[in-house]
Ligand SMILES: C[S@@+](CC[C@H](N)C(=O)[O-])C[C@H]1O[C@@H](n2cnc3c(N)ncnc32)[C@H](O)[C@@H]1O
């Protein structure tokens, strides 16, 4: 069943038109966001999927206050995430597919991480004025396990299907040794190694992410050909002679000079003829699209000191400066692109 966000049609009169509707939707979007994120944190959708459908049963199971839970559930019905028959609640297709823990396309970890980032957005006014982010999302800095887990599993939720798609697009038949630079939950290494039986991947990341990577590698039974290297890419000795260095969703965390330094370091670790691939949310040259990257850049302002989304040409230029040849772009989707170069 389609989602029917009927709250807008009830708050805006017809004469005010679609432009006004869009404006109000932007202004009040935080309400839907918070309701959904709280429901996800309560694991409400998994409970409903397991047959817990009445307010009374859910209030006991979660646990939650009956009066408030009823109001929350009815709002979720109004938002088109749940539906209600008599006094029983059911997941809409979208909640059933993405927000039930046992489902293969589960995105709840990513929503949990998004919720951890909520307080960052409160600082946006201060960030705009001062130019400085005050990151409260410590998991990113590897100091808080719950946030760190939601971060790494959340990245895995979002990257899994894409990793399988990219594994089909890229010809990795000659790759034997691959370094996954800041490889997070090892999502890409697992997908690339599963599709290419000669490939061994080394996932380098910080301790909390490496814990998640280990668990993910184990779940996928890829211990034989996906290994972990714990350490920071600023200091660690991650070896050399790699056929492929995969730098996915890393550059947006850093300043221009840091990115240039990282790409140079990574290039050094490639063998001659090896490939460096940057995968990221890249912008058009006027930096106003795609929508996803333009807004992702704002999130990065609240979270990182000097990060932002970069343009396709900025990224290509870093690879060229590092001495890579045959630098090309491969378009992936509305959220990310690949820039690839070969070491002479
Ligand atoms: C946005 S995630 C991307 C994860 C993965 N590459 C992917 O595309 O799914 C960024 C990753 O960079 C890692 N990272 C941040 N600083 C790092 C550092 N100094 N050394 C190694 N990894 C780092 C984070 O822990 C996180 O796993």
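Any read-out appearing in this document is the output of simple, stated calculations on the displayed coordinates, not a laboratory observation. As the structure is a computational prediction, the values presented were derived from the model and not from experiment. Because the Cβ atoms are built from the backbone with ideal geometry, glycine has one as well, and the counts that use them run over all protein chains shown.
Calculate how steeply helix 17-41 sits against the longest principal axis of the alpha-carbon atoms of the chain, using the helix alpha-carbon long axis, and give the answer as 0 to 90 degrees to the nearest 10. Long axis of 17-41 versus the principal axis of the chain: about 80 degrees.
Segment 254-296 and segment 177-195 have Cα centres separated by 17 Å.
Using Cβ contacts closer than 10 Å as the measure, can you line up 130, 33 from fewest to most?
Working: 130 10, 33 15.
In order of increasing Cβ crowding within 10 Å: 130, 33.
Remark: 311, 187 ranked as 311, 187, counting other beta-carbon atoms within 10 Å and listing the fewest first.
So, by mean Cβ neighbours within 10 angstrom, what's the order for 103-113, 147-157 with the highest one leading? Mind showing how you got there, number by number?
Values: 103-113: 18.1, 147-157: 23.4.
In decreasing order of mean packing, 103-113, 147-157 become 147-157, 103-113.
Based on C-alpha pairs under 8 angstrom that are at least 6 apart in sequence, segment 6-101 has a relative contact order of 28 percent.
Radius of gyration over Kirkwood radius for segment 131-226, both on Cα atoms: the Rg/Rh ratio is 1.03. Cβ crowding within 10 Å, taken as a proxy for footprinting-reagent exposure, orders 118, 246, 318 from fewest neighbours to most as 118, 318, 246. The alpha-carbon atoms of segment 122-342 define a convex hull whose volume equals 117 cubic angstrom per residue. The calculated Kirkwood hydrodynamic radius for segment 163-289 is 14.9 Å, given to one decimal from all distinct C-alpha pairs.
Past the 24 angstrom mark, what percentage of all C-alpha to C-alpha distances in segment 6-101 do you count?
Looking at segment 6-101, the distances longer than 24 Å represent 27 percent of pairs.
To the nearest ten degrees, helix 312-321 and the longest principal axis of the Cα atoms of the chain are 20 degrees apart.
Relative contact order of the chain, taken over Cα pairs closer than 8 Å and 6 or more residues apart, is 11 percent. Against the main long axis of the alpha-carbon atoms of the chain, helix 256-268 sits at an angle near 50°. With a ≥ b ≥ c the root eigenvalues of the C-alpha gyration tensor of segment 83-126, is it rounded (a/c under 1.5), prolate (a/b larger than b/c) or oblate? The shape class here is oblate. Working ranking of peptides 59-67, 271-279 by packing, defined as the average number of other Cβ atoms within 10 Å per residue, highest first, is 271-279, 59-67.
Please give the calculated 222 nm ellipticity per residue for the chain, where each DSSP H segment of at least 4 residues contributes -39500 (n - 2.57) and the sum is spread over every residue; nearest 500 deg cm²/dmol?
Details: 15 runs with 168 residues, N = 344.
Value at 222 nm, helices only: -15000 deg cm²/dmol.
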